[in-house]
1. Against the conditions (1) on the phi < 0 side of the Ramachandran plot; (2) not in a strand (DSSP E or B), where does A:Val34 fall short? Just the number, please.
2. Exactly one of these conditions fails for A:Leu28: (1) more than 11 Å from chain B (Cβ to nearest Cβ); (2) buried (at least 18 other Cβ atoms within 10 Å of the Cβ). Give me its number.
3. Is it the case that some residue within the stretch B:115-125 is buried (at least 17 other Cβ atoms within 10 Å of the Cβ) and part of a loop (DSSP other than H, G, I, E, B)?
4. Any residue in the stretch A:83-92 that is polar (S, T, N, Q), part of a loop (DSSP other than H, G, I, E, B) and closer than 17 Å to A:Val30 by Cα?
5. Could you check, for the stretch B:124-140, whether at least one of its residues is in contact with a strand residue (DSSP E or B) (Cβ under 9 Å, 6 or more places away or on another chain) and over 20 Å from B:Ala26 (Cβ atoms)?
6. Which condition number in (1) closer than 25 Å to B:Asp127 by Cα; (2) touching a strand residue (DSSP E or B) at 6+ places or on another chain (Cβ under 6 Å); (3) in contact (Cβ under 8 Å) with a residue 40 or more places away in the chain is the one that A:Asp50 fails?
7. Quick check: anything in the stretch B:121-139 closer than 21 Å to B:Gly38 by Cβ and modelled with pLDDT of 85 or more?
8. Quick one: in the stretch A:59-92, which of the residues that are surrounded by 15 or more Cβ atoms within 10 Å (Cβ to Cβ), more than 15 Å from A:Val4 (Cα to Cα) and out of contact with any helix residue (DSSP H, G or I) (no Cβ under 7 Å at 6 or more places or on another chain) is nearest to the other protein chains (Cβ to nearest Cβ)?
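The values are calculated or read from the model by the stated rules, or taken from the named source; none is laboratory data. What you see is a predicted model; the values in this text were computed from it and never measured. As a convention, Cβ positions derive from the backbone with ideal geometry for all residues, glycine included, and neighbour counts pool all protein chains shown.
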Amino acid sequence: MNVVCVCGMGIGTSIILKMNAEKALGRLGVPATVTTSDISAARGAAQGADLILTSAELAEKLADISAPVVVVNNFMDATEIETVLSDHLPRS
Amino acid sequence: MALDLSTALPDAAVKLGFPAADWRAAVIAAGDALVSSGATTDRYTQEMVAAIDRLGPYIVIAPGIAIAHARPSDAVLRSGLSWVRLEVPVAFGHAHNDPVGLVIGLAARDHEDHLEVMSALAGALADRGLSAALAKADTPARVRELLAGDIGD
């Protein structure tokens, strides 16, 4: 599974989201690659992605991307991240 | 590479009980703290504020916590953090995570540079017990001690 975490600049909040998404995917037992991107590069980064994780403000700017865009409200909440990820796991 | 929080977060980069009238004043305080500690120039502070004007309050990543930052640039003299706990929390306009009582300023010289510091921060803030202790930390030394404690785990 390829997950891209998007934030405004790709260096701050998306890195925190990536770390917590990797932990959540580990707990779910899902092999995944998690990368980060800034909002301006997100369209390119979304090519081949199964899922985009970002905040509500930035999700609005990514509305026309083909991969599912999922909003995370609390980037520190392991339970919220695990729930949104498990709702969007690829069907096997 | 050992994380050196005393360099990343020196006393000059910490403000506890800072009175801010609004989110802009709070972000400028986090920028000024980066400048006082020698991490950035004033231009970086202006860029942090401009990023929120442009992209919205997405930097409020968890209830009460904002991570203020801008792109790596020559306005960053060295990578560093600042830590501004507000006297009274202020609204950033975030639908879920307002009001904000802690603004963490982040300056990175490049994308890889600050990964270790970010990892320490993410670990500490995700730990509810540690996060509560950090919210009450009343000296810069205590903030560093709590952040550093998480790294040892």
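1. Among (1) on the phi < 0 side of the Ramachandran plot; (2) not in a strand (DSSP E or B), the lone unmet condition for A:Val34 is (2).
2. The one condition A:Leu28 does not meet is (2).
3. no
4. The answer is yes, given that some residue of the stretch A:83-92 is polar (S, T, N, Q), part of a loop (DSSP other than H, G, I, E, B) and closer than 17 Å to A:Val30 by Cα.
5. Within the stretch B:124-140 (the criterion being in contact with a strand residue (DSSP E or B) (Cβ under 9 Å, 6 or more places away or on another chain) and over 20 Å from B:Ala26 (Cβ atoms)), the answer is yes, since at least one residue qualifies.
6. (1)
7. Yes, the stretch B:121-139 contains a residue that is closer than 21 Å to B:Gly38 by Cβ and modelled with pLDDT of 85 or more.
8. Among residues in the stretch A:59-92 that are surrounded by 15 or more Cβ atoms within 10 Å (Cβ to Cβ), more than 15 Å from A:Val4 (Cα to Cα) and out of contact with any helix residue (DSSP H, G or I) (no Cβ under 7 Å at 6 or more places or on another chain), the one nearest to the other protein chains (Cβ to nearest Cβ) is A:Asp77.
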